[in-house]
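Peer 1: Take a look at this one; I'll ask things after.
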Amino acid sequence: MSSSSDNSHGLVQWHGTTIIGVKKNGKTVIAGDGQVSMGNTVMKPNARKVRRIGEGGNVIAGFAGATADAFTLFERLEKKLEQYRGQLMRSAVELAKDWRTDKYLRNLEALMIVADKDALLVLTGNGDVLEPEGGADSQIAAIGSGGNYALAAARALDSYEADAEEIARKAMKVAADICVFTNDRVTVETI
């Protein structure tokens, strides 16, 4: 949650957090660490970057990026969920359109992983709504500075571990051990 740089996919890579989403065997989990960094200084070790949103908390979301920007996006997504009666895919697409075209939103610096019982999605400021590969049986997505470490660990565990939460927790541990901008104070939400 401090600075950013471009990666090879044209997406902004955030330095300061790790968020992972794992969907497997009818269970979807989003997990995130709690570290807030400013440069090379840990400002807060226990931030909550993963939360339930929407009516009845039927959507879970995690963010990487500037905190104020992420809260703005959570709020906007909640409004879209109300407008489109809880349809996550439609709400995510509409938010992504606004994020890309609205002059104010276009400057927000954050990425999000969102999920409900049916979908796991990555939302970007480029207007992207990305569904991870893997189909209905197993999907994994990760964002943030430790995202690639968590993603690699989760993919390696996917063939051997049946529980989505166990995969997410173990992958977060790997990311926390490698990425200096990620800690082991993990928040997990499950649908």
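The values are calculated or read from the model by the stated rules, or taken from the named source; none is laboratory data. All figures in this text were calculated on a predicted structure; none of them were measured in a lab. Don't worry about glycine lacking a Cβ; one is built from the backbone with ideal geometry, like all the others, and counts go over all protein chains shown.
Peer 1: Of the residues that sit in the range 7-32 and are at pLDDT 70 or above and part of a loop (DSSP other than H, G, I, E, B), which one is nearest to the chain's Cα centre (by Cα)?
Peer 2: Top of the filtered list is T17.
Peer 1: Follow-up. Filter the range 161-178 down to the residues that are farther than 12 Å from I140 by Cβ and in contact (Cβ under 8 Å) with a residue 40 or more places away in the chain, then identify the one that is nearest to the chain's Cα centre (by Cα).
Peer 2: Looking at the filtered set, the residue picked out is M172.
Peer 1: Give all pairs with beta carbons closer than 8 Å in which a residue from the range 109-128 that is over 14 Å from L73 (Cα atoms) meets a residue that is polar (S, T, N, Q) and in a strand (DSSP E or B); count only pairs at least 6 apart in sequence or on separate chains.
Peer 2: Sorted first by the residue in the range 109-128, then by its partner, the pairs are A115/T28; D116/T28; K117/T28; L120/T28; L120/Q139.
Peer 1: When you look at A64, is it farther than 18 Å from A119 by Cβ, of a type in the set (A, V, I, L, M) and in a strand (DSSP E or B), yes or no?
Peer 2: yes
Peer 1: Something else about it: Can you go through L111, L120, L105 and tell me which one is modelled with pLDDT of 95 or more and surrounded by 14 or more Cβ atoms within 10 Å (Cβ to Cβ)?
Peer 2: Checking each option against the conditions leaves just L120.
Peer 1: Count, please, the residues in the range 154-178 that happen to be farther than 17 Å from K27 by Cβ, in contact with a helix residue (DSSP H, G or I) (Cβ under 6 Å, 6 or more places away or on another chain) and buried (at least 19 other Cβ atoms within 10 Å of the Cβ).
Peer 2: 2
Peer 1: To continue, here is another question. Checking K79 against (1) without any contact (Cβ under 8 Å) to a residue 12 or more places away in the chain; (2) closer than 21 Å to A168 by Cα, only one condition comes out false. Which one?
Peer 2: (2)
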